[in-house]
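Undergrad: Structure below; questions to follow.
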Amino acid sequence: MSGAAERTTRVYLLLLLGLLSISVSAILIRWAAADAPGEVLAVWRTIFAAILLLPFALIRSRAEIKSFSAREMGLIVVSGVFLGLHFVFWIGSLYRTTVASASVLVSLSPIFLGVIGYLALKERPSNLQIVAIFVATLGTVLLGWSDLQNQAGTGTNPVLGNSMALFAALLVSIYLLIGRVVRQTRSWLAYVAPLYVVTALTTLVVALLKGTPLLGYDWSLYGLCLAMAVIPQILGHGSVNYVVKYFPAATIGLASLFEPVGASALALLFFGEIPTILGVVAMVIILAAVSLAMRQPSETKKSEE
């Protein structure tokens with residue numbers, strides 16, 4: 001029906017908007033990294049996002065939020081904690097390794113999502129999607145390898161930074177899976193607003209435990225954190241949280257592989273990080289695999305009871 005087709009178009013456009021917005025994150029973080037520790041960026045980014053969304057949620061979704069069951073609130077709290085820790089590790093990785101390497105490794109979530117999504121949600125990717133996941137993941141590995149060859153010696157601790165980015169990929173995978181469960185029955189705003197409050201509290205606790213000062217920085221730093229809240233978090237993660245209702249977890253993870261391509265392109269524009277020929281080939285592989293899988297109708301197969 002035309003209504004269904006229109007909704008599908010909107011959902012795909014929102015997914016594209018979300019991925020493009022998330023790609024900006026690494027650039028904003030790199031600009032702000034010289035002025036403050038990573039925990040400061042994580043705290044103010046998430047606090048600004050919560051402050052911006054909470055008034056709208058209290059006006060439009062108060063009744064729905066109050067109707068949440070204990071199970072739903074528990075899932076939102078767990079999801080928010082995982083998202084907050086994801087930001088801490090993801091931002092921290094960019095202090096220690098290159099934009100392309102961190103973006104590539106944090107985007108390896110399709111492997112986690114494909115396995116956990118099948119085990120927890122009984123979502124079996126189609127055969128084409130399984131092939132696309134491995135091909136696109138191969139592309140991300142090639143992109144990371146080309147980046148290491150091209151940017152050898154950059155970053156204060158590439159091994160630690162890459163490990164942090166990989167762990168951030170696991171954290172964001174669990175957060176997306178929980179979001180898919182809650183979003184089946186709840187509206188976007190009612191889910192995201194309390195989620196972002198928990199996310200902000202999580203980053204705040206981490207900063208306080210580490211004794212990181214949060215005040216006294218130049219106003220430009222807080223401006224960059226506000227930009228992180230609006231663009232990659234509300235527009236980026238917010239769009240993904242909206243469309244996660246309509247796609248299997250593995251498909252969302254696969255589409256997220258657009259992020260390292262976008263981040264690498266922006267790193268070239270703003271920081272002069274020129275990709276190698278191998279890097280360009282890897283980006284083409286990623287884009288081709290993602291485009292192929294996204295044209296395939298989702299095949300969510302529930303296990304026989």
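Undergrad: Just need a number here: residues in the range 204-243 that are under 12 Å from T46 (Cα atoms) and not in a helix (DSSP H, G or I).
TA: So the count comes out to 0.
Undergrad: Need pairs with beta-carbon distance below 7 Å; first residue on the phi < 0 side of the Ramachandran plot and within the range 204-229, second among the polar types (S, T, N, Q); sequence gap 6+ or separate chains.
TA: M228/S25
Undergrad: Of L195, L201, L177, which residue is surrounded by fewer than 22 Cβ atoms within 10 Å (Cβ to Cβ) and part of a helix (DSSP H, G or I)?
TA: It is L201.
Per-residue answers, yes or no, for (1) in contact (Cβ under 8 Å) with a residue 24 or more places away in the chain; (2) assigned to a helix (DSSP H, G or I); (3) within 21 Å of Y246 (Cβ to Cβ):
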| position | (1), (2), (3) |
| --- | --- |
| V11 | yes, yes, yes |
| S21 | yes, yes, yes |
| R45 | yes, yes, no |
| F48 | yes, yes, no |
| I59 | no, yes, no |
| I65 | yes, yes, no |
| F68 | yes, no, no |
| R71 | no, yes, no |
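Undergrad: Output yes when any residue across the range 24-43 is touching a residue at least 24 places away in the same chain (Cβ under 8 Å), part of a helix (DSSP H, G or I), out of contact with any Ser or Thr (no Cβ under 8 Å at 6 or more places or on another chain) and farther than 19 Å from D218 by Cα, and no when none is.
TA: Yes; the residues of the range 24-43 include at least one that is touching a residue at least 24 places away in the same chain (Cβ under 8 Å), part of a helix (DSSP H, G or I), out of contact with any Ser or Thr (no Cβ under 8 Å at 6 or more places or on another chain) and farther than 19 Å from D218 by Cα.
Values quoted throughout were computed directly from the atomic coordinates according to the rules given, and no laboratory measurement underlies them. The structure displayed is predicted, hence computed values, not measured ones. Heads up, the Cβs are rebuilt from the backbone with ideal geometry, glycines too, and the neighbour counts pull from every protein chain shown.
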